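Structure first, commentary second.
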């Protein structure tokens, strides 16, 4: 009788192991089938790695509103050169990221005092944390106007760029703390024009806009062609009056 009990227990154990093995087999088959259907490979891990690689190589879309806003901008600023301004916006963005990589804000190609302060403060913050960000192999895919606003005496055009770069974060001892490899990203670059100095709320904006070439007095409003202080004719080349003042991740 004890032998019969032992045999029954062994049979039950074998049955249980058989059920487990069969369940594992079914699960593996289901995972393999799913992976083949979703990724074209038997390995789910390889599938996810493939998706991640494709994601890192696929440019992000931008909010392309150029066709909507550009006619209004051209109507209000006939001398506005879109292609030139777009190239300038891309140069500002590229030099901004490269300046972070170098840890030196002097590499910024152009911009307002506000933009330079923003960049310097970010670099100082990284240094205080003992960190350094690197943006390498930067490649721009597309740049479009994503917004145009007029408020409180200032006009703001926002350029949005889709780009890729190799990103890494380094510690103060030169060790790599994080390496994300190639990344796809979007950034906004804002350029402003002071339309009416009497309406601006931020004192820093008073340094923007047009000044009289003779006496240096500010030209108060858009369309003013004569200095109200000395009477000197003012030729408005507004392509040079637009100033880049903010860079941010979209």
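Only the coordinates and a few stated rules stand behind these numbers; no lab work does. This one's a predicted model, so the numbers in the text were calculated from it and none came from an experiment. All Cβ positions, glycine included, derive from the backbone under ideal geometry; neighbour counts span all protein chains shown.
Out of (1) in contact with a helix residue (DSSP H, G or I) (Cβ under 9 Å, 6 or more places away or on another chain); (2) in a helix (DSSP H, G or I); (3) more than 25 Å from residue 169 (Cβ to Cβ), the odd one out for residue 79 is which?
Evaluating residue 79 over (1) in contact with a helix residue (DSSP H, G or I) (Cβ under 9 Å, 6 or more places away or on another chain); (2) in a helix (DSSP H, G or I); (3) more than 25 Å from residue 169 (Cβ to Cβ) leaves (2) as the failure.
Out of all the residues in segment 153-183, which are on the phi > 0 side of the Ramachandran plot and surrounded by 13 or more Cβ atoms within 10 Å (Cβ to Cβ)?
Start the filter on segment 153-183 by keeping residues that are on the phi > 0 side of the Ramachandran plot, which leaves 153, 174, 181.
Passing the criteria: only 153.
Of all residues in segment 86-118 being in contact with a helix residue (DSSP H, G or I) (Cβ under 7 Å, 6 or more places away or on another chain) and closer than 19 Å to residue 163 by Cα, which is surrounded by the most Cβ atoms within 10 Å (Cβ to Cβ)?
Initial filter on segment 86-118 (in contact with a helix residue (DSSP H, G or I) (Cβ under 7 Å, 6 or more places away or on another chain)): 95-96, 98-100, 103, 105, 107-111, 113-114, 116.
Adding the requirement that they be closer than 19 Å to residue 163 by Cα leaves 95-96, 98-100, 108-109.
Numbers: 95: 20, 96: 23, 98: 18, 99: 21, 100: 19, 108: 20, 109: 14.
Per the criteria, the residue is 96.
Counting only residues that are crowded, with 19+ Cβ neighbours inside 10 Å and more than 18 Å from the chain's Cα centre (by Cα), which one in segment 184-196 is nearest to residue 90 (Cα to Cα)?
Across segment 184-196, the extreme among qualifying residues is 192.
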